[in-house]
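The values are calculated or read from the model by the stated rules, or taken from the named source; none is laboratory data. Note that the coordinates shown come from a computational prediction; the quantities given were computed from them, not determined experimentally. For neighbour counting, all protein chains shown are included, and Cβ atoms are generated from backbone atoms with ideal geometry for every residue, glycine included. Remember, those area values only see protein heavy atoms, side chains included, never the ligands or the DNA or RNA. Shrake-Rupley method; radii C 1.70, N 1.55, O 1.52, S 1.80 Å.
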Amino acid sequence: MKRNGLKYGIEKLTKPIRLGIGLCLLVFSVGVSSQENSRVTAQIDTSTIRIGEQINYKITVETDSLNIVYFPEDQTFSPLEMVEALKIDTSKNKDRITLQRIYALTQFDSGAYTIPPQRIAINEAPFFTDSFNIKVADVVVDTTKQKLYDIKPLIEVERNNAKLWKTLLWIFLGLLLIGALVYWFFLRKKPLTEEEKVALLPPYDRALLQLKELENSRYLIQDEYKKYYSELTSIVRSYLEEDAHVSALESTTDELIQKLELLKDAGELKIEDDTLTQFKKVLKTADLVKFAKSKPPTSVAEEDRKLVENIVVKTKEALPEPTVEELLHDEAYLEELARKKQRKRVWIAAASFAGLLLIATISAVGYYGFEYVKDTVFGHPTKELLEKEWVASSYGFPPVEIETPKVLLRQEVELPPEVRESIKEVQVFGYRSAVGLFTVLTTSTTFAEANDPDFEKPIEQLLKSFEQQGARNIITKQEEFFTKAGVQGLKTFGSGKFKIPESSELIRGKYAVLSFGGKGFMQQIVITWLDGDDYAENIVERILASVNVKTQA
């Protein structure tokens, strides 16, 4: 009984475990079954095309409707190029689903090509299609009717300065706008205000005009006698100070009368005693109004204004006529005053322009950084290369497709005698900046025998050539590199001290060498640039992202 009880307990304990294992096996078997029941096929509508014609590459997937299918994306059909990927055509039959997708492929070089197997993922499980052999034929040309000509040599063309002229035009318009604003607000002669027009009148005319305005004022009606007499005495004192050259504004009543009497006794002011007595009386009345809060009758205030006007007239008549020297002195004084005002306007305009320029510079430095602003204003060779219109082209055979800031020109290369038998042809295209270390070079080499290329020897030879040209302390690293179409190559990169052409100076630089190849050929891209040059780093990054090569010669 105990043994039977123990057996029952073990079976009771292990029953959930067996059930869990059974469920796992069930799920696994269902998953395997669903994938085993999936079928992937591929077909093409033709295996022979002419240059530029298209092939319809169709992939068909039959699988369970619950499965997730991933079709190829981007340029995975190299060496053929994908022109278009049509939408997926879906049809369903109960729990089964059929997916079809057509890709339009083409090739612009004649020859025999192989479309590699394509990877289709079903629930992340890989399925591969068959490969297809494609023949791309040349377009037949009737040479009896159409003559053939040699390829024309490269010709130099004038540099397109449209962008430069556009930039200069915007700069000119900006300066013109700033100049117009400076002229309008600072340099132009603005219309004079009424106060300025009055201030430019001669002292005598100005005093009579101000007395007339005081007569028409509402001070007496509004019982503002203090303001009335303050303005009345200010008018006459200002006139005496300007025309009679008496320090009247800062003098008391008694001091002013005493100064006028001294001028009269000296014969410089021919004024009657009665006029001085009347003037003293008006000043005394004004002092009482301003300091003792006296309030004379309105008729007396009006009479005092008439007395002041009469005093101004009498004083003008009593003053001797100015000499020629005084008139010239006054004219020179006015001209100098006008020049000072003009210089002040110019200084204000210059200071405003400098302030605007300083604010714009500080804002630009804060937003873009000092180095970028400095390089933009004073110029930087690699920055100009980065911002120019780039050129995408194919160089050599087998071709190397690459995008560069300048067109790569064909370079003449003389092969050493020891390698002439093994190498059929070498085509080199390159560009070297006139300033600095920036260089781009592409090479396409075809061998006499159809063997796989050995990347190590050419790279070793390239590094030796760096040393022969004066480079020192070269550091080398290697890693795999994939083009945008998925072609695998070898990237050799590092840094060192390189010699600037036509100079003995060594500067810190970087280099990168991309190596690709196949049966009987090899392609390389060599780039060198200055270490720490951010613009050059962006150029190299953009160049590497544009690389594409052929996998068959």
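Among strands (runs of 3 or more DSSP E) entirely within segment 404-520, having at least 3 residues that are of a type in the set (S, T, N, Q) singles out 439-447, 472-482, 488-499.
Is at least one residue of segment 195-206 acidic (Asp, Glu) and touching an Asp or Glu at 6+ places or on another chain (Cβ under 9 Å)?
no
Any residue in segment 203-217 that is among the hydroxyl-bearing types (Ser, Thr, Tyr), over 13 Å from Ala301 (Cα atoms), part of a helix (DSSP H, G or I) and without any contact (Cβ under 8 Å) to a residue 40 or more places away in the chain? There is no residue in segment 203-217 that is among the hydroxyl-bearing types (Ser, Thr, Tyr), over 13 Å from Ala301 (Cα atoms), part of a helix (DSSP H, G or I) and without any contact (Cβ under 8 Å) to a residue 40 or more places away in the chain. Within segment 465-479, can you find the residues that are under 16 Å from Leu437 (Cα atoms) and touching a residue at least 12 places away in the same chain (Cβ under 8 Å)? Correct list: Phe466, Gln469, Gly470, Ala471, Arg472, Ile474.
For segment 432-485, the set of residues classified as over 18 Å from Thr404 (Cα atoms) and hydroxyl-bearing (Ser, Thr, Tyr) consists of Thr445, Thr446, Ser465, Thr476, listed by residue number. Within segment 101-122, track down each residue that is of a type outside the set (A, V, I, L, M), closer than 23 Å to Glu62 by Cβ and open to solvent by less than 60 Å² (accessible area, probe 1.4 Å). Passing the criteria: Arg101, Tyr103, Pro116, Gln118. Is it the case that some residue within segment 525-546 is out of contact with any Leu (no Cβ under 8 Å at 6 or more places or on another chain) and either in a strand (DSSP E or B) or more than 22 Å from Pro405 (Cα to Cα) (or both)? No, the conditions are met nowhere in segment 525-546.
So that you can scan it fast, the table gives a plain yes or no per residue for (1) loosely packed, with under 14 Cβ neighbours inside 10 Å; (2) in a loop (DSSP other than H, G, I, E, B); (3) free of Cβ contacts under 8 Å to residues at least 40 places away in the same chain; (4) not hydroxyl-bearing (Ser, Thr, Tyr):
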site	(1), (2), (3), (4)
Lys270	yes, yes, no, yes
Leu276	no, no, yes, yes
Lys280	no, no, yes, yes
Leu283	no, no, no, yes
Lys290	no, no, no, yes
Lys295	yes, yes, no, yes
Ala301	no, no, no, yes
Leu307	no, no, yes, yes
Val312	no, no, no, yes
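Take the conditions within 28 Å of the chain's Cα centre (by Cα), open to solvent by 60 Å² or more (accessible area, probe 1.4 Å), closer than 18 Å to Ala471 by Cβ and not β-branched (Val, Ile, Thr) and apply them to Leu530. Does it pass? Criteria met by Leu530. Taken across segment 223-238, residues that are part of a loop (DSSP other than H, G, I, E, B), at pLDDT 85 or above and surrounded by fewer than 16 Cβ atoms within 10 Å (Cβ to Cβ) do occur, with at least one present. Just one of (1) modelled with pLDDT under 85; (2) over 22 Å from Lys519 (Cα atoms); (3) open to solvent by less than 40 Å² (accessible area, probe 1.4 Å); (4) not hydroxyl-bearing (Ser, Thr, Tyr) fails for Gly430. It is (1).
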